[in-house]
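Written out below as structure tokens is the structure these notes cover.
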Amino acid sequence: MLEGKKPEFWRWTESNWINPDIGWEEARFITLGIDVGSVSSQAVIMTDGNMYAYGNMRTGADSPNSARNALKFALEKTTLNEDKISYCIGTGYGRVNVPMADRTVTEIACHARGANFFYGSKVRTVLDVGGQDIKAIRCDEKGKVTNFLMNDKCAAGTGRGMEVFADLLSVPIGEVGERSYLVEKEPPAVSSTCVVYAKSEATSLLRKGLSTNEVLAAYCSAMAERIYSLLKRIGIEPEFAITGGMAKNIGVVGRLTKKMGLEPLKTSWDTQLAGAAGAALFGFALCHKRNG
Amino acid sequence: MLANYGYSDGSGNYFITIDTDKCNACGECVEACPANIFEMADEDPNDPMNAEPLPIVLPEKKNKLKYECATCKPSGDNRPTLPCVMVCEGCAITHSW
């Protein structure tokens, strides 16, 4: 029997970019931040603390290779080559396995620094919803962490959970947010945030006759609830910003905004880049410190 | 900085908070903990611009604090003061449960 390849609904689009207004030749320091996460890897290249180029792609099974591929992807549109880079910082889950890194910095510090750069110095509370963890961070006007919490014990409320739901309901992951709002009446949230329990609960909701969109709404609601409870633990102070892939999911962000009564800041940058951008900025700061 | 190490799952919230502003980096908590959950780091892993040593909760223990800390937390009303909390001069360590 012939069977077509099953579409992968969790797949999101990889991208790379170069800043056409900047030439790297005049830069004093070219720094690189590589964020090897559980799901995605980013390489951000900065020239004297300005965004120059980036690559954003999926993490493979092998961390060193993911780091190399992300860098190659970021360099693709540039005339720059690797040995022009003055300093490289690795961050994220796979940071110890970034072969070109001069040093590593935790993703908590990098996300706070990156959010400060993307959203401005008024950011005080940063939420990062990554592939397999949630980080709630409070920071000062310089992007220095003052209070943080990271939950990577389970995938509840993370991008991985959303991937599982996208796949289960055959909805492309980029459409989950919009579709979760195409419901006449908001259904009650899925009672369990644990991905495995939530999946079986969703299956029984479908059998009860709920539409795909209603089940998505119920899960987005549960995720917002979960994320809100973690944020409350560190205390929410405006302004508030969301980084990581989940910031692109309006279904979760919208419901979280309603719970918090606080609108998150907006940025034109890809929110997934915050960690790598923060790493590149730390690289720049360290170069400065070293060279006076 | 308030560094919250731990997790929240279906059974509850398990966080140890180290207030790095109150901590004098004496390292007593590392010695006092019977489960060896603390370690002195050469520098703050969450602040690359600060090269001062400070205690952290070991990454491999932070996701099982409920069990690691169980010996110091007998059930019942008369819970003794936790060794890590007792030795900390600056009262920098707190437990959420």
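The values are calculated or read from the model by the stated rules, or taken from the named source; none is laboratory data. These figures come from a predicted structure and were not determined experimentally. Cβ sites come from the backbone with ideal geometry, for glycine too, and all protein chains shown count toward neighbours. These accessible areas exclude ligands, DNA and RNA; they are computed on the full protein's heavy atoms, side chains included. Shrake-Rupley method; radii C 1.70, N 1.55, O 1.52, S 1.80 Å.
Worth a mention:
- In the set (1) more than 9 Å from every other protein chain (Cβ to nearest Cβ); (2) free of Cβ contacts under 8 Å to residues at least 12 places away in the same chain; (3) not in a helix (DSSP H, G or I), the condition left unmet by B:MET49 is number (1).
- Scanning the range A:271-283 for residues that are touching a strand residue (DSSP E or B) at 6+ places or on another chain (Cβ under 6 Å) and either away from every other protein chain (no Cβ under 14 Å) or aliphatic (A, V, I, L, M) (or both) returns A:THR271, A:GLN272, A:LEU273, A:ALA274, A:ALA276, A:ALA277, A:ALA279, A:ALA280.
Let's see how each residue does on (1) charged (D, E, K, R); (2) more than 20 Å from the chain's Cα centre (by Cα):
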site: A:ALA112; (1), (2): no, no
site: A:VAL145; (1), (2): no, no
site: A:ALA166; (1), (2): no, no
site: A:ARG179; (1), (2): yes, yes
site: A:SER191; (1), (2): no, yes
site: A:GLU214; (1), (2): yes, yes
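- Residue ID - surrounded by the most Cβ atoms within 10 Å (Cβ to Cβ), chosen from residues in the range B:1-12 that are part of a strand (DSSP E or B) and at the interface with chain A (Cβ under 7 Å from one of its Cβ atoms): B:ALA3
- Condition check for A:ILE134: of a type in the set (A, V, I, L, M) and outside the structural domain of A:MET260 (by TED's automatic domain parsing): no
- Of all the criteria given as (1) β-branched (Val, Ile, Thr); (2) open to solvent by 40 Å² or more (accessible area, probe 1.4 Å); (3) not in a loop (DSSP other than H, G, I, E, B), the one not satisfied by B:THR81 is (3).
- Considering the range A:91-105, the residues that are under 20 Å from A:ILE30 (Cα atoms) and more than 12 Å from chain B (Cβ to nearest Cβ) include one that is most open to solvent (accessible area, probe 1.4 Å), namely A:PRO99.
- Top-ranked residue in the range B:53-78 [being loosely packed, with under 13 Cβ neighbours inside 10 Å and within 14 Å of another protein chain (Cβ to nearest Cβ); ranked as nearest to A:THR104 (Cα to Cα)]: B:PRO59
- Residues satisfying the stated conditions in the range B:21-47, i.e. out of contact with any Ser or Thr (no Cβ under 6 Å at 6 or more places or on another chain), under 18 Å from A:GLU107 (Cβ atoms) and surrounded by 17 or more Cβ atoms within 10 Å (Cβ to Cβ): B:ASP44, B:ASP47
- Output for the range B:13-36, where each listed residue is in contact (Cβ under 8 Å) with a residue 40 or more places away in the chain, away from every other protein chain (no Cβ under 14 Å) and assigned to a loop (DSSP other than H, G, I, E, B): B:CYS23, B:ASN24, B:CYS26, B:CYS33, B:PRO34
- Set A:THR78, A:THR47: member being in contact (Cβ under 8 Å) with a residue 24 or more places away in the chain and surrounded by 21 or more Cβ atoms within 10 Å (Cβ to Cβ): A:THR47
- Qualifying residue in the range A:29-37 (condition: at pLDDT below 95 and surrounded by fewer than 19 Cβ atoms within 10 Å (Cβ to Cβ)): no
- Of all the residues in the range A:255-275, those that are in a helix (DSSP H, G or I) and surrounded by 17 or more Cβ atoms within 10 Å (Cβ to Cβ) number 8.
- Strands (runs of 3 or more DSSP E) wholly inside the range A:122-236 that include at least 1 residues being open to solvent by 50 Å² or more (accessible area, probe 1.4 Å), among the β-branched types (Val, Ile, Thr) and within 14 Å of another protein chain (Cβ to nearest Cβ): A:145-151
- Residue selection: A:THR243 fails the criterion of being without any contact (Cβ under 8 Å) to a residue 60 or more places away in the chain and either surrounded by 24 or more Cβ atoms within 10 Å (Cβ to Cβ) or hydroxyl-bearing (Ser, Thr, Tyr) (or both).
- When residues of the range B:55-92 are limited to those that are of a type in the set (A, V, I, L, M) and touching a strand residue (DSSP E or B) at 6+ places or on another chain (Cβ under 6 Å), the one farthest from A:PHE148 (Cα to Cα): B:VAL85
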